[in-house]
Amino acid sequence: MAGQGRFVADIRLPGMLECALVTSPYPRARILEVNREAARALPGVHEVLSGLTLAAQVTPLTHGIEVAGIAWYPLAVDCARYVGEWVAVVVAEDRYVAEDAVELVDVSYEPLTPVVDVEAAMEPDSPIVHEAVGTNVIYRRTFTWNDVDDDFESAPERLSHRVRWGRSSTVPIETFGVVAAYDPGTDLLDIWASIQMPKFSEQIATALRIPHSNVRVHYDVDVGGSYGVKRGLKHAVLVGYLARQLGRPVRLLEDRLENMIGGDAHGPDRIFDIDVAFERDGRVRSLIIRALDDCGAFPGRSVLQLGKPIGAITGPYRIGSVRYEAICVCTNKTGQVAVRGFGQAPTNFALEATMDRVAAATGMDRLEVRRHNYIQSHEFPYRIPSGTEYDSGDYETVHQKLLDRADWPTLVARRDALRAKGMLAGIGFASVLEPSGGNAAFEPLLNPHNDTTTWMESCFVKVDHDGCVTTSIATPTSGQAHETLMATVIGEELGIEPELIRVVHADTLTALPGNTPVASRMAIMMGGAAAGAARQIRDTVIAIGAHDMQVRVDEVEYANGDVVVRGRPDECRTWMQIVAIAHRQYHRMPPGFQPGLQAHFVYQVPKGERLPAADGTVQMYPCYAFEAHLPLVEIDPVTGRVRVREYYVGHDCGTIINPGVVRGMLIGGIAHGIGAALLEEFRYDSEGQPLVGTLLDYPMPTTLDIPDVQIVEHCTPSPLTSHGQKGAGESGYMGAPAAIASAVNDALGPLGLRCERLPIRLTELGERLAAASRSGTLPAPEDLQR
Amino acid sequence: MRSRIPIRDVNAADVRLHVNGEEHVVPVQPRVTLLDCLRDHLGMTGTHAGCEHGACGACTVQLDGEAVRACLIYAPMAEGYSITTVEGLQPNLSELHVLQESFWDAHALQCGYCTPGMLVAAAGLLARNADPSQAEIREALSANLCRCTGYVQIVEAVRLAADRLQQRKPAP
């Protein structure tokens, strides 16, 4: 705010060198030779490293899935597998010189035929992205829960449809960057990165073949947004290797081109084929979902991102049986990374598009169909067919509050008034869940050899001898206000003003175990860890006070740091007196107590004790927040431009720790969702060349694209968490794309048109409207009143 | 690897830049952008790089009060102008600019990366228009991208700042 942030680009270490990347211009090519001579000779250049040299020194990077035959290195070795893949790195005195040298690196390629279309990639005669695997289908599994065939057989109505979720991502304004510095005296590799990734330091150490405690990742770096995507493993291994080799700190700061094309930070790219069996009154009996994901050349977290939605595969609805087929296929495109929601947003879009279809087929109102299907508030905890139990909810109430807030009849009247003026106009609806809290369950679900369940977060709290409270957290922060969260929860438990609590970020050597802010987990997990540690402090304070007054612990009360004998307010020990006893007067401490006043708490995720069953039934995340979206959109019938005029959202994330933070998350998520629905896509041509590399061809929402979002809150606390809180970090994004699609389809309905794919592109919509105009289903432009 | 002695940059020439009320003389190559000059040569890292092609607004600074993209200007081109960066908004070290206070109070920043650009653009707006409508605020900030907030709290912060400035004006 005052320009004093400390992002990776602001870090200045003496002697630090900068990197620039040599990238492949081909989507698939054998790398014949990397000629580095001219580049190395340029003054200011320190090193030019090729993939062949690096691969001999490092272990391949880990994916989320065990697939033999995919060797993933920071630099391509024998073969380039997508346009923009990193082939060599130049290290120089500054970025300007490094980029000059990039142009002097001479790489000879033998171009090969690429595979670009995901369905073509599944054909037996397709080029194979990773020849050692033998196929492009790197994961395929069908899960069946309850009697799907029977339910389809006996249901009075069935329908099938296909929807597509285009390849987009969260594209933070700050690109990924990492600095590595090696101290041979202590044999310690220091890393500062714009990072949001569990097990980051472990994976760097494994790749560099050094002990884990020889790597120290610093978490006190400001991260300029991530929303899932800043994993930076290949970047960090590259600079870690270079720093150790060159004896100088090395920084890699992606420029926007490197980020968009070569950063391996694209999101899900899915085709959903859905069959639904339902009653004539719109109640859904059963679903068959085939989710086909194009993960690009390197799968990253993509397979796990197909698995996580199993935990909310039926949405907020009472659906009896499900078959879910998850297929992950490689093509010669940029690799995929975890994106906000870890696959839930595309899945919610597919579910909600299906519900709108059921409404159309039965002639029922779309909102009434949801009401017929909602899990009722008295049914919680509610176990869905895939084995996950939803903790709490009151969907019907949120739904009604939303309609009241939006003043449904006048909203419809405003839509109709727009139509009367000649515009196309539509109201959309989506009711979806935000699974929160995280869980390791998708790991063993999709990788049976990976029998892991531990998924924790930690907090260390100390009260120093001056009575000041400091807490240390084991995570980087990318805008989620962790400091506020910790100070609020600890302040609540200790009865101290949050502003008086100092929050610091540990590094990976001093940190307690943690899993970073993924999976909408920090309010639950760090909140729970903070509450656990703070309660221990409080219990210790009570014990010290009671012992010093020679009464029992159950005879005193804790009053904002002071300990008072119940009914005898003059008998009291103040916070400062107790602090003095703890730090200086051991003779007054209860026997057996440790000196000082500090606590740590390592918190395992609630309901995270069991491995998945053989049939794939699994408790995925513990807590389920709910949101219902109601946008009003207007479409210009000549240009096809979609404008979101009004936006209402009902939101229930349990107990809210900080209202401003939750509001910011929700509106920010809605903005991401509007971008995914209307603007953003990483497109490729049929030869595998990316058509999108800059922010000019990847338009993101501006102030003119996001209306003044109206929020109505509701609270059904979670019975599982320290204060009833659920997550909110993915809120808005979970339902906005589905709601915008629903609104556009409501607007196009009178023309008999429907959009089945996101993003809904301006040019395509314009062309379809022009065709409708020519065929007479749309009034001619000159007849429209504006 | 033997480290090399840096070669003196024979292509650099002195550029005279007037930034936040102070004169600086710095030798840079003519191809160095104003953004990189501010950040790497003058140590003012508040202005951020988001795209380096003028699309995102994270690099917004003012030249003679007008919001411009520092990534699209070469440092020598900025000679002769009065340059304002986010570091120059505070009246002094112990006081925040009313916009900075308002951003804080309205929770108008999350990761903080777009914030300097937003503040500089918003400061330009309030200097031209002391009573902007919501639509005018949105228009003035329409060239600054934010991925965290969805803009609503940013717009509220700017309006809050405008209100506060009105209140601080002496009565006529």
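Rule-based calculations on the coordinates, nothing more; no lab input. What you see is a predicted model, and the numbers here were worked out from it, not measured in a lab. Cβ placement follows ideal geometry from the backbone for every residue including glycine, while neighbour counts extend to all protein chains displayed.
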Gain in length, A:D273 to A:R566, computed as 0.36 nm per residue apart minus the alpha-carbon separation, to one decimal in nm? 98.9 nm
Can you give me the relative contact order of chain A as a percent, contacts being Cα pairs under 8 Å and 6 or more apart? 15 percent
Hey, what's the Kirkwood Rh for chain A if you take every pair of different alpha carbons, in angstrom? 28.0 Å
What area, in nm² and to one decimal, does the C-alpha convex hull of region B:91-172 cast on average over all directions? 5.7 nm²
Spacing of the two label points (7 Å from each Cα toward its C-beta) at A:D281 and A:E66, in nm: 4.9 nm
Whether region A:567-720 is rounded, prolate or oblate, judged on the alpha carbon gyration tensor where a/c under 1.5 counts as rounded: prolate
Tensor-based shape of region A:261-388 (alpha-carbon gyration tensor, a/c under 1.5 rounded, otherwise prolate or oblate): prolate
Across region A:348-356, in residue order, what do the Karplus-derived ³J(HN,Hα) couplings come to in whole Hz, using 6.51 cos²θ - 1.76 cosθ + 1.60 with θ = phi - 60° and x for Gly and Pro? 4, 4, 5, 5, 6, 4, 5, 4, 5
Selection from B:L145, B:V155, B:N92 lying farthest towards where the dipole of chain B points positive, charges on Cβ: B:L145
In the structure shown, of A:K401/A:K607; A:K333/A:K726; A:K230/A:K308; A:K401/A:K421; A:K230/A:K333, the pairs separated by more than 28 angstrom at the C-alpha atoms are A:K401/A:K607; A:K333/A:K726; A:K401/A:K421
With bins of 10 Å, the percent of all Cα-Cα pairs of chain B per bin from 0 is 10, 36, 31, 15, 6, 2, 0, 0
Classify region A:1-148 from the C-alpha gyration tensor, please: rounded if a/c falls under 1.5, else prolate or oblate depending on whether a/b exceeds b/c. oblate
For region A:494-509 and region A:1-71, what is the centre-to-centre distance using only Cα atoms, to the nearest Å? 37 Å
The alpha-carbon center of region A:570-625 and that of region A:647-702 are separated, in whole Å, by 38 Å
What number comes out for the charge environment of B:P116, summing +1 per Lys or Arg and -1 per Asp or Glu over other residues with Cβ under 14 Å away? -1
Divide the volume of the convex hull of the Cα atoms of region A:210-316 by its number of residues and quote the answer in cubic angstrom per residue. 184 Å³
Under a Cβ-Cβ cut-off of 15 Å, what is the net charge of the residues other than B:L125 that fall near it, where Lys and Arg count +1 and Asp and Glu count -1? -2
Going through region A:238-341, which chymotrypsin sites (Phe, Trp or Tyr not before Pro) have at most 13 other Cβ atoms within 10 Å and a DSSP loop state? none
Under the Karplus relation with 6.51, -1.76 and 1.60 and θ = phi - 60°, whole-Hz ³J(HN,Hα) for region A:562-569, x at Gly and Pro, equal 8, 10, 10, 5, 4, x, 10, x
Going by amide H atoms built from the backbone, whose H comes under 5 Å of the H on A:A519, apart from near neighbours? A:G341
Quickly work out the A:E368-to-B:E95 label distance, labels modelled 7 Å from Cα along the C-beta direction, and quote it in nm with one decimal. 6.4 nm
Equivalent ellipsoid dimensions for region A:170-256 as semi-axes, Å, which come from the Cα gyration tensor, largest first: 22, 13, 10
What does the charge add up to near A:G335, with Lys and Arg as +1, Asp and Glu as -1, over the other residues with Cβ less than 13 Å from its Cβ? +1
In the P(r) worked out for region A:332-479, what percent of Cα pairs fall beyond 18 Å? 76 percent
Please list, ordered by chain and number, the residues whose modelled amide H lies under 5 Å from the amide H of A:R285; skip anything fewer than 5 residues away on the same chain. A:A277, A:F278, A:E279
Could you tell me the relative contact order of region A:489-566? Use alpha-carbon pairs under 8 Å, at least six residues apart, and round to a whole percent. 33 percent
Using a Förster radius of 30 Å, what is the FRET efficiency between B:R31 and A:T763 based on their Cβ-Cβ separation? Nearest 0.05, please. 0.25
Long-range amide H partners of B:Q90 with built H, under 5 Å: B:H97
Two-site FRET efficiency, A:S686 against A:E103, from Cβ-Cβ distance with R₀ of 25 Å, rounded to 0.05: 0.30
Computed from the beta carbon distance with a Förster radius of 56 Å, FRET efficiency for A:R290 and A:T484 to the nearest 0.05 stands at 0.85
Mean separation of Cα contacts under 8 Å (at least 6 apart) over the residue count of region A:45-186, i.e. the relative contact order in percent, is 19 percent
Could you check the spin-label model distance between A:R643 and A:L751? Points 7 Å from the Cα along Cα→Cβ, value in nm. 1.7 nm
Karplus ³J(HN,Hα) for region A:719-727 (6.51 cos²θ - 1.76 cosθ + 1.60, θ = phi - 60°; Hz, whole; x = Gly/Pro) runs x, 9, 10, 4, 10, x, 6, 10, x
